[in-house]
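This report refers to the structure that appears directly beneath it.
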Amino acid sequence: MTFMEFMNANGGIVLAGLGAALAVFMGGWGSALGCGMVGKAAAGIIAEEPEKFGKALILQLLPGTQGLYGFVIGLFICLMRIGGADPISLAQGFYLLFAALPVGIAGLTSAKFQAQVSTAGLQILAKNPSQNTKGIIFAVIVETYAILGLVASIIMVLVTYPA
């Protein structure tokens with residue numbers, strides 16, 4: 001079997017699987033980087049003032065949501081499209097690959113920037129703990145763009161591309 005014959009027969013499922021993998025990988029990568037970055041900064045504060053652990057933990061967890069969003073889209077693609085009864089055409093595979101990109105790209109980039117904002121929020125916590133909520137709000141604003149990537153990917157995955 002030649003490569004083109006293989007792609008004609010199986011390319012749709014391969015590309016859909018690649019899309020699911022990219023959504024999970026990119027969101028997870030961004031979240032791992034972001035949580036690690038904020039966790040390092042939080043550890044410095046907690047070493048001096050352990051009572052601030054709970055408030056620091058909120059800021060450290062925020063960049064982790066992008067990985068969850070990518071995981072959700074990966075599941076949607078695998079369970080709703082790849083696991084379906086109908087075979088996936090090459091065109092549908094490309095469509096699902098591109099449907100995974102909004103959550104993947106938005107997750108990777110927004111987690112990084114959300115980590116930077118969360119790290120700045122830790123500075124608020126260290127200097128003025130009563131104003132900690134403002135740092136959380138700043139970080140949550142960045143989350144909006146990860147949510148928009150998630151919604152775009154959900155809409156694209158749920159819309160059935162014709163065979």
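The values are calculated or read from the model by the stated rules, or taken from the named source; none is laboratory data. Quantities reported herein were computed from a predicted structural model and do not represent experimental measurements. Glycine also receives a Cβ, built like all others from the backbone with ideal geometry; neighbour counts cover every protein chain displayed.
Name every residue in region 59-83 that is of a type in the set (Val, Ile, Thr) and at pLDDT below 95, in order of residue number.
Restricting attention to region 59-83, the residues satisfying the condition of being of a type in the set (Val, Ile, Thr) are 65, 72-73, 77, 82.
Listed by number, the residues that qualify are ILE77, ILE82.
Please identify the pairs in which a residue from region 89-106 that is in contact (Cβ under 8 Å) with a residue 12 or more places away in the chain has its Cβ atom under 6 Å from the Cβ atom of a residue that is part of a loop (DSSP other than H, G, I, E, B), counting only partners at least 6 apart or on another chain.
SER89/ALA163; GLN92/TYR161; TYR95/TYR161
Residue-by-condition table, conditions (1) touching a helix residue (DSSP H, G or I) at 6+ places or on another chain (Cβ under 8 Å); (2) at negative phi; (3) buried (at least 21 other Cβ atoms within 10 Å of the Cβ); (4) in a helix (DSSP H, G or I):
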site	(1), (2), (3), (4)
PRO87	yes, yes, no, no
ALA91	yes, yes, no, yes
LEU96	yes, yes, yes, yes
LEU108	yes, yes, yes, yes
GLY121	yes, yes, yes, yes
THR133	no, yes, no, yes
VAL140	yes, yes, no, yes
ALA152	yes, yes, no, yes
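For region 71-85, what are the residues that are free of Cβ contacts under 8 Å to residues at least 60 places away in the same chain and either surrounded by 18 or more Cβ atoms within 10 Å (Cβ to Cβ) or not aliphatic (A, V, I, L, M) (or both)? Step through it out loud before you land on a result.
From region 71-85, those free of Cβ contacts under 8 Å to residues at least 60 places away in the same chain are 71, 74-75, 79, 83-85; that's our starting set.
Correct list: PHE71, GLY74, GLY83, GLY84.
What tally of residues in region 1-49 results from selecting those that are hydroxyl-bearing (Ser, Thr, Tyr) and either under 26 Å from MET156 (Cα atoms) or in a helix (DSSP H, G or I) (or both)?
Our first condition is that a residue be hydroxyl-bearing (Ser, Thr, Tyr); within region 1-49, this holds for 2, 31.
Now drop any that are not either under 26 Å from MET156 (Cα atoms) or in a helix (DSSP H, G or I) (or both), which leaves 31.
Count: 1.
When the residues of region 45-70 are narrowed to those that are surrounded by 12 or more Cβ atoms within 10 Å (Cβ to Cβ) and free of Cβ contacts under 8 Å to residues at least 24 places away in the same chain, which ends up nearest to the chain's Cα centre (by Cα)?
First, the residues of region 45-70 that are surrounded by 12 or more Cβ atoms within 10 Å (Cβ to Cβ): 45-46, 49, 52-53, 55-70.
The next check asks that each one be free of Cβ contacts under 8 Å to residues at least 24 places away in the same chain; those that pass are 46, 53, 57.
Numbers: ILE46: 27, PHE53: 25, LEU57: 19 Å.
Filtering first and then ranking leaves LEU57.
Which pairs do you get when a residue that is more than 18 Å from GLN123 (Cα to Cα) and free of Cβ contacts under 8 Å to residues at least 60 places away in the same chain, found in region 135-150, comes within reach of a residue that is of a type in the set (Gly, Ala, Ser) and buried (at least 18 other Cβ atoms within 10 Å of the Cβ), reach meaning Cβ atoms under 6 angstrom, with the pair 6+ apart or on two chains?
That search, which allows pairs on different chains as well, returns TYR145/ALA106; TYR145/SER110.
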